[in-house]
Amino acid sequence: MTRKKILITGGAGFIGGNFVQYMINKYPRYDIYNLDLLTYVGDLTKYRDLEQKDNYFFVKADIADRKTVLPLFEKEQFDCVVHFAAESHVDRSITDPEVFVRTNVLGTQVLLDAAKHIGVKKFVHVSTDEVYGELDFDPATFFTEETPLRPNSPYSASKASSDFLVRAYHETYGLPVNITRCSNNYGPFQFPEKLIPLTISRMLHDEKVPVYGDGRNVRDWIHVYDHCTALDLVLHEGVNGEVYNVGGRNERNNLEVVKTIIRTLGKSEDLIEFVTDRLGHDKRYAINPLKLERLGWKATYSFETGIAQTIEWYLKNKWWWGNL
Ligand code: NAD
């Protein structure tokens, strides 16, 4: 295996952090660079076991800061980029959309320019199924790669805008890109503002768990490990210019998710508190991952096995989430 330099942006976050660890362990002959601004969600304590590895490097930088990003690319001559860094929380995008445009749109464009400038061999843009908008509750309907983009929140609109830029850099300049659009992730090291870690951490303290509206909004849940294997495959085998949807075929509504955690932890449903619905709350997301499966990918976790592993992880790793 030839030695390669891989730049991973947003590797101090949830999915990027899992991906950095996955790549370091699987590819000891790759040099893994983690570029992250360390916003409120970025955290490096998760790397306490990795700091001695000689193929891991951390760079604190803002992806939207061209004056830092361009010289870094010129100096390191990365072979590939896997781009996670983003503002990612829908609720925050509703109260403060501006930073979402700056990071998710402008930041992506700066990275694309830098990647084009040095001629990277692959740029994988990690996007979301939320760019497709919402589905109704008909279980026969799914998002495919051909579904038109109809984002509904400032977050998904900023991600869709970055997807268009990535596509344009392929069509206009021939940059070898892939876009992946994944459904809702859960698993180790997810910041406890998102539904599953929030529910687990509140339940463990016997605190009320807020559920939006009537809790019927459906998401297609995927364990973060399965997202990592999908990205690994796309990085190595993805056909340039193609979009790949990533989903675990695990549709659950929010209430079912919370009740599963309650059952596993042996808590009472009285801890559920229905709160005013999120503005513009998308009803349902569901992914058809057939194109990726044809490339050779398969999810390893069912929702039941994945959620059990995740709850166990949160029980064992309070050192990480307890102070956040
Ligand atoms: P996260 O919020 O946990 O992590 C984002 C990381 O980006 C953080 O470490 C943060 O410090 C960093 N960052 C933010 N602004 C930056 C900037 N200007 N420069 C450099 N770094 C910056 O996010 P996540 O949940 O791990 O999501 C990662 C990516 O995956 C995002 O692009 C998101 O849109 C996408 N995605 C997430 C999900 C999900 O369920 N969480 C699903 C599909 C796709």
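The values are calculated or read from the model by the stated rules, or taken from the named source; none is laboratory data. The shown structure was predicted, so the numbers you read here are calculated from the model rather than taken from an experiment. For neighbour counting, all protein chains shown are included, and Cβ atoms are generated from backbone atoms with ideal geometry for every residue, glycine included.
Scanning segment 269-293 for residues that are surrounded by fewer than 17 Cβ atoms within 10 Å (Cβ to Cβ), touching a helix residue (DSSP H, G or I) at 6+ places or on another chain (Cβ under 7 Å) and part of a loop (DSSP other than H, G, I, E, B) yields 278, 279.
Residue-by-condition table, conditions (1) farther than 21 Å from residue 249 by Cα; (2) at pLDDT 95 or above:
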position: 114; (1), (2): yes, yes
position: 133; (1), (2): no, yes
position: 139; (1), (2): no, no
position: 142; (1), (2): no, yes
position: 160; (1), (2): yes, yes
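What do you reckon, is residue 134 within 23 Å of residue 95 (Cβ to Cβ), more than 12 Å from the ligand (Cβ to nearest atom) and crowded, with 18+ Cβ neighbours inside 10 Å? Against the criterion (within 23 Å of residue 95 (Cβ to Cβ), more than 12 Å from the ligand (Cβ to nearest atom) and crowded, with 18+ Cβ neighbours inside 10 Å), residue 134 qualifies. Selection of first residues in segment 27-51 that are of a type in the set (D, E, K, R) and of second residues that are modelled with pLDDT of 90 or more and not in a loop (DSSP other than H, G, I, E, B), restricted to Cβ pairs under 6 Å at least 6 apart or on distinct chains, gives the following pairs, ordered by first then second residue: 31/5; 46/17. Filter segment 294-324 for residues that are touching a residue at least 60 places away in the same chain (Cβ under 8 Å), in contact with a helix residue (DSSP H, G or I) (Cβ under 7 Å, 6 or more places away or on another chain) and not polar (S, T, N, Q) and give the result. Scanning segment 294-324 gives 295, 296, 297, 299, 301, 307, 311, 314, 320, 321. If you take the residues of segment 163-183 that are among the hydroxyl-bearing types (Ser, Thr, Tyr) and in contact with a Leu (Cβ under 9 Å, 6 or more places away or on another chain), which of them is surrounded by the most Cβ atoms within 10 Å (Cβ to Cβ)? Only one residue tops the list, namely 180.
Go through segment 22-60 and give me each residue that's in a loop (DSSP other than H, G, I, E, B), within 25 Å of residue 194 (Cα to Cα) and modelled with pLDDT of 90 or more. Matches in segment 22-60: 37, 38, 39, 40, 41, 42, 43, 44.
Scanning segment 294-312 turns up no residue that is aliphatic (A, V, I, L, M), within 22 Å of the chain's Cα centre (by Cα), in a strand (DSSP E or B) and within 21 Å of residue 130 (Cα to Cα). Only a single item in (1) surrounded by fewer than 22 Cβ atoms within 10 Å (Cβ to Cβ); (2) under 20 Å from the mean Cα position of the chain (by Cα); (3) of a type outside the set (A, V, I, L, M, F, W, C); (4) more than 9 Å from the ligand (Cβ to nearest atom) is not met by residue 117, and it is number (2). Residues that are among the charged types (D, E, K, R), more than 14 Å from the ligand (Cβ to nearest atom) and either in a helix (DSSP H, G or I) or in contact (Cβ under 8 Å) with a residue 24 or more places away in the chain (or both) within segment 147-192 comprise 167, 171, listed in sequence order.
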